[in-house]
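Enquirer: Have a look at this one.
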Amino acid sequence: MSTPPLSGAGMAGAAAAAAGFPGPPPPAAAAAAAAAAATREVNTASLCRIGQETVQDIVFRTMEIFQLLRNMQLPNGVTYHMGTYQDRLGKLQEHLRQLSILFRKLRLVYDKCNENCAGLEPVSVEQLIPYIEDDYWKNEDRGPTSQLRYASEERREILEVNKKLKQKNQQLKQIMDQLRNLIWDINAMLAMRN
């Protein structure tokens, strides 16, 4: 079973492990990096990126834990090699320890993001979703932005109507040309008969 592709630090750790290099930095280094990131001033966007990479690392570690658990045998009376068991148990405990460190790092990032966004006014979900309704236009007071939006909508509708009018005029011109040619042919035939 293959693991889905990951981006960011999780993918770098997987690529390094596949190449025979040591995996992600040791937990002490990761904790020191998280503490260093927390002490210097970081904007909210970079915190969100760090949080996303941390979540990807958590998913990667969790998948590795499930892979280890899937490969372990249940103690159902079958002879089991103690060395293999101890090795897998050690790996499992290391992954769990690193997973708890990643969750702490994610909590720090979450708290810092909340702290940075504490002064901002919350925006309702309805304002984030762009939609147009007739009632919306009627109830909205006519500020400069709404007037500009309304004017651009009107201009767009006028351009569409003009385009349709040009098409209809072209069709009428073709019909008139065909009628003129037909009358010309009839008159030519009448002139030849006389």
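Bear in mind that the values in this text are calculations on the coordinates, not laboratory data. In this text the structure is predicted, and so the values were computed from the model without any measurement. As a convention, Cβ positions derive from the backbone with ideal geometry for all residues, glycine included, and neighbour counts pool all protein chains shown.
Enquirer: Return the FRET efficiency for the residue pair residue 124, residue 93: r is the Cβ-Cβ distance, R0 is 41 Å, and the value is rounded to the nearest 0.05. Don't skip to the answer; put the middle values down first.
Expert: Numbers: r = 46 Å, r/R0 = 1.12.
Efficiency at R0 = 41 Å is approximately 0.35.
Enquirer: Rounded to the nearest 0.05, what FRET efficiency do residue 110 and residue 66 give with R0 = 30 Å and r taken as the Cβ-Cβ distance? Could you check?
Expert: So, using R0 = 30 Å, E works out to roughly 0.75.
Enquirer: Here is a further query. Work out the FRET efficiency for residue 103 and residue 49 from their Cβ-Cβ distance, taking R0 = 22 Å, and round it to the nearest 0.05. Please report the intermediate quantities before stating the final value.
Expert: On the way: r = 18 Å, r/R0 = 0.81.
Computed FRET efficiency for residue 103 and residue 49: 0.80.
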